[in-house]
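Asker: Pasting in a structure now, in structure tokens, and then I'll have a few things to ask.
Derivation of every value follows stated rules applied to the coordinates shown; laboratory data play no part. Owing to the predicted nature of the structure, the values given are computational and were not obtained by experimental measurement. Virtual Cβ from ideal backbone geometry, glycine too; neighbours counted across all protein chains shown.
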Amino acid sequence: MTGYRPTPPETGWRKRLYTIIFEADTRAGRRFDQLLLIAIVASLLTVMLESVASIRASHGTLLFVLDWAFTLLFTAEYVVRLLCVPRPLRYARSLFGIIDLLSILPLYIGLVVPEGRFLTDIRILRLLRMFRVLNMPRYLDEARELRSAMLASRRKIMVFLFSVVLMVILLGTLMYVVEGEENGFTSIPVSIYWAVVTLTTVGFGDITPKTPLGQMLASVVMILGYGIIAVPTGIVTAEIARSTRVVGQRSATRLCPHCFTEGHDLDARYCKFCSGPLPDPVADEERTEEKPS
């Protein structure tokens, strides 16, 4: 990357807040994230309980107040996150920034569209922070490896999905010709729907072939379905096996204040993704490092 890069948060309240909120390797940061995870789980339980009619009838007011309390808490947290990072808009456009924003919007949307407030369950995505809170850098490495394998195999998967689309169109059209409208296959789109359901081995049973030829064709589609299920799994598995892992590298949950990526070494001074300077490490007595096995 070229161009101006902002410096890490200056000394003072912004740096202190940045350390607490974004650095899960410190005692204060771990306590903050642990309390945040508890609040997220509690807010999810509140929304789920409110969707039960009997509970809503007896404790609706309490659940409504708790829901708004959690939303205001997460709103304040989101604002503080924007205040303590050098580039607030950059964080707002990052993955976790978008998740944080989406987690507080549903209740405000519910003021206009009442049903929209139950979308608050999107807060469950915030539990992705669990891997950094529980000091699981190896899990983060595995997640990055899986993402790389998915990206590397995306073209093969697209070709596979395109082939499946062609197959269900042909099979659906053939079944429409064989069975006809009198047996429930009233149109080609309906027949394609049957082919999709049968090929994916779901089998709702709302439309079934009646003629021997149609039943024979359905048997072929079912057998094809079992073979097709294994294809995308094999593609991704091959990419994972082909990828190489860096052995012995110690990654941490330190967050880059410029591109908001994790996985930097504990002694790193610059981000290995955007080359921006990382904040100075916190004092050793505050750092809760995981000892190498």
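Asker: For region 151-242, count all C-alpha to C-alpha pairs, find those more than 15 Å apart, and express that count as a whole percent of the total. Walk me through the intermediate numbers first.
Answerer: Working: 2514 of 4186 pairs.
When every Cα pair of region 151-242 is considered, 60 percent fall beyond 15 Å.
Asker: List the residues of region 218-238 whose backbone N lies under 13 Å from a point placed 7 Å from the Cα of A152 along the Cα-to-Cβ direction.
Answerer: Taking a point 7 Å out along Cα→Cβ of A152, the residues of region 218-238 whose backbone N falls under 13 Å are 235-238.
Asker: Under a point-charge model restricted to the Cβ atoms of Lys and Arg (+1) and Asp and Glu (-1), what is the dipole moment magnitude of region 151-242 relative to its Cα centre, in debye to the nearest 20? Before the final figure, lay out the partial values.
Answerer: Values: 5 positive and 5 negative charges, 114 e Å.
With only Lys, Arg, Asp and Glu charged at Cβ, the dipole is about 540 debye.
Asker: Which order do the peptides 168-180, 67-79 take when ranked by the mean count of other beta-carbon atoms within 10 Å per residue, highest first?
Answerer: Details: 168-180: 18.6, 67-79: 16.3.
Top of the packing list down: 168-180, 67-79.
Asker: Using only alpha carbon pairs under 8 Å that are at least six residues apart, calculate the relative contact order of region 95-227 and give it in whole percent. Provide the component values of the computation, followed by the final result.
Answerer: Details: 101 pairs, mean separation 19.4, N = 133.
After rounding, I find 15 percent.
Asker: Further question: Check T26: other-chain or 5+ apart residues with amide H under 5 Å from its amide H, H built from backbone geometry?
Answerer: T288
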